[in-house]
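S.K.: Please find one structure pasted underneath; my questions will follow.
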Amino acid sequence: MIQLDGITKTFADTTAVDNVTLELRSGKTTVLIGPSGCGKSTLLRLIIGLVEADAGTVTVGSHTVGPNTPPEIRHRMGYVIQDGGLFPHLTGRGNVAILARHLCWSADRVEQRTEELADLVQLPLDRLDQYPNELSGGQRQRISLMRALMLDPDVLLLDEPLGALDPMIRADLQTDLRDIFQTLDKTVVFVTHDLSEAAFVADRVVLLRKGQIVQTGPMSDLLESP
Ligand code: ADP
Ligand code: ADP
């Protein structure tokens, strides 16, 4: 489903991603793990086309991703970042609806999809009428996830989605995320530097160091390696 071939990305004198070749299977959750600065976020941004590779190709389905990727292809991918990235001047509902409005969905269709997604992420509907600064971090992430899922993308990319949360909220959302990934059967790419989080959600783990893949496999292999 997602194929990276010989991807390299350099910023000034830092090689953030160094000749990475990787295949991410459809319907699976792949976790990119490694220490801060090893290139995880850059790899995710390369997949969604926010960053352009210096060398190599990224293919999603049968399309090559790059600066000229048409919106129809980008809309097949949902993206969630650490602090949710919600627009502060819009309510939860406004944030969730933004892409659908852009595509001129009817108000009824937006409402129906919003309710469906609130149910999926277990967010009480009244929360959606509040602004991001009136919500807890966990609620903001649930809304961010709804926004990412609005157009029912094939691919879901999450960059440290639990990284800014308090431990209790984090544990709850971690469990719910795993259930949601299993229910939806999408291609999920999940970035974290937390081993226990990786073990919890991953079908397959990709360990990165200094922009290179050190190891890939199920979590059990990773833990057994020297
Ligand atoms: P397999 O024999 O299927 O390659 P592994 O033991 O390597 O299995 O993989 C462990 C888990 O990761 C399985 O759930 C498998 O389906 C999944 N998996 C294997 N390869 C990939 C991939 N390229 N992308 C995503 N998930 C994968
Ligand atoms: P991780 O997500 O694993 O913490 P990143 O992908 O954010 O790693 O960063 C990898 C390396 O690339 C780091 O050294 C980082 O400082 C650098 N880097 C990432 N994005 C940029 C950018 N836009 N400009 C300059 N350097 C960057």
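S.K.: Across segment 37-56, what is the total count of residues that are farther than 17 Å from N19 by Cβ, among the aliphatic types (A, V, I, L, M) and at pLDDT below 95?
M.R.: The number of residues fulfilling the criteria is 2.
S.K.: Quick check: anything in segment 107-119 in contact (Cβ under 8 Å) with a residue 40 or more places away in the chain and open to solvent by 40 Å² or more (accessible area, probe 1.4 Å)?
M.R.: Start the filter on segment 107-119 by keeping residues that are in contact (Cβ under 8 Å) with a residue 40 or more places away in the chain, which leaves none.
No; the residues of segment 107-119 include none that is in contact (Cβ under 8 Å) with a residue 40 or more places away in the chain and open to solvent by 40 Å² or more (accessible area, probe 1.4 Å).
S.K.: Being closer than 30 Å to V17 by Cα and open to solvent by 80 Å² or more (accessible area, probe 1.4 Å) is the requirement here; does S144 meet it?
M.R.: It is false that S144 is closer than 30 Å to V17 by Cα and open to solvent by 80 Å² or more (accessible area, probe 1.4 Å).
S.K.: Okay, moving on. Restricting to segment 147-177, what's the tally of residues that are within 16 Å of ligand 2 (Cβ to nearest atom) and open to solvent by less than 50 Å² (accessible area, probe 1.4 Å)?
M.R.: Here is the first cut: in segment 147-177, the residues within 16 Å of ligand 2 (Cβ to nearest atom) are 157-164.
Subsequent filtering for residues that are open to solvent by less than 50 Å² (accessible area, probe 1.4 Å) retains 157-163.
Residues flagged as within 16 Å of ligand 2 (Cβ to nearest atom) and open to solvent by less than 50 Å² (accessible area, probe 1.4 Å) within segment 147-177 amount to 7.
S.K.: Further question: Does any residue in segment 176-195 that is free of Cβ contacts under 8 Å to residues at least 60 places away in the same chain come within less than 8 Å, Cβ to Cβ, of a residue that is assigned to a helix (DSSP H, G or I) and exposed (fewer than 15 other Cβ atoms within 10 Å of the Cβ) six or more places away or on a different chain, and which pairs are these?
M.R.: Hits for this filter: zero, empty list.
S.K.: Restricting attention to segment 108-128, does a residue exist that is under 22 Å from K40 (Cβ atoms) and in a helix (DSSP H, G or I)?
M.R.: no
S.K.: For I48, which of the numbered conditions (1) closer than 30 Å to E134 by Cα; (2) touching a helix residue (DSSP H, G or I) at 6+ places or on another chain (Cβ under 6 Å) fails to hold?
M.R.: Tallying (1) closer than 30 Å to E134 by Cα; (2) touching a helix residue (DSSP H, G or I) at 6+ places or on another chain (Cβ under 6 Å), I48 fails exactly one: (2).
S.K.: Counting residues that are over 21 Å from D221 (Cβ atoms), open to solvent by less than 80 Å² (accessible area, probe 1.4 Å) and touching a residue at least 12 places away in the same chain (Cβ under 8 Å), which strands (runs of 3 or more DSSP E) fully inside segment 22-82 reach at least 2?
M.R.: So the answer is 55-60, 77-80.
S.K.: Considering only residues that are on the phi < 0 side of the Ramachandran plot and in a loop (DSSP other than H, G, I, E, B), look in segment 83-100 and name the one that is surrounded by the most Cβ atoms within 10 Å (Cβ to Cβ).
M.R.: From segment 83-100, those on the phi < 0 side of the Ramachandran plot are 83, 86-100; that's our starting set.
Next, from what is left, pick out any that are in a loop (DSSP other than H, G, I, E, B): 83, 86-91.
Numbers: D83: 15, L86: 23, F87: 13, P88: 8, H89: 9, L90: 15, T91: 19.
For segment 83-100, the residue satisfying everything is L86.
S.K.: Provide a single number: the residues in segment 196-226 that are surrounded by fewer than 15 Cβ atoms within 10 Å (Cβ to Cβ) and part of a helix (DSSP H, G or I).
M.R.: Within segment 196-226, residues that are surrounded by fewer than 15 Cβ atoms within 10 Å (Cβ to Cβ) and part of a helix (DSSP H, G or I) number 5.
S.K.: Could you please give the count of residues in segment 2-21 that are assigned to a loop (DSSP other than H, G, I, E, B) and within 16 Å of ligand 1 (Cβ to nearest atom)?
M.R.: Qualifying residue count, segment 2-21: 0.
The values are calculated or read from the model by the stated rules, or taken from the named source; none is laboratory data. Bear in mind the structure is a predicted one, so any value in this text is a computation, not a measurement. Note that we place each Cβ from the backbone using ideal geometry, even for glycine, and neighbour counts take in every protein chain shown. Just the protein is used for accessible areas: all its heavy atoms, side chains included, with ligands, DNA and RNA removed. Shrake-Rupley method; radii C 1.70, N 1.55, O 1.52, S 1.80 Å.
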